[in-house]
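Before any comments, here is the structure.
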């Protein structure tokens, strides 16, 4: 029987929290009184996560596991979970329990009232540093200024999406994925749900600064072409600045003031840095064209466990 709800949980080296994650999610979903499935995506974990997940699938008929052959990254793992989900509504939640499963019933209530995307909006972020909070705030402001689509601030991937919306996102084949932006771009009726984010239940975050920076860049380059206008802006600015500088140097030279080559050297350094920066922006877009042109699959599944056999109800 097709489940009403599919819960997608990406996992990477989560052996410390995975059992508690399963327990809390099961308690919440059983309380809803509807059929459900828990889809854990093992994103190439190197600890005991695969073994624990296989044990859970053997003992709980609601558990399905997708094992990647290699690490694909958080956004790819979530994509695979959505692809394998068969529910009428899909909930995306991380295994670290920072996003409390107990919020899901309220999301379900909004969905039953006709909202097709209910995204979690963080009212508070326990356990996060001042640096992380401020950089996140700065990033969301930058995204709103760079893109025509006004993406909601203080949101992550924790959300409930209707099957109709999930089908739209499934049809998007791009490799550099920014799912929260893709769901927002899809449209439909969307509402925020305020909640308090908890500290990580155990262990350490696997989202390093490098990975967060990559996600931020993917979001900007996937949904905005405004950085490509930077060469024109810099070209006009430096042309005017160069003409003004030449005029000033000419006046100084005519008045007998020794000019030398210092101003020219400084101007060349600034111009060279600007050119390299612009080339870097263009290279970012070209690299995405290169990734799409290769046509490789988004992810490689080694095996799955817990899924009903073909034709089985």
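Take each peptide in 25-36, 45-56, count the other Cβ atoms within 10 Å of every residue, and average; sorted highest first, the result is 45-56, 25-36. Label positions at residue 288 and residue 191, each projected 7 Å from the Cα along the C-beta direction, are separated by 3.2 nm.
Read-outs: derived from the displayed coordinates by stated rules, not from any lab. Please read these numbers as outputs of a predicted model, since none were measured by experiment. Quick reminder, even Gly has a Cβ in these numbers, built from the backbone with ideal geometry, and neighbours come from all protein chains shown.
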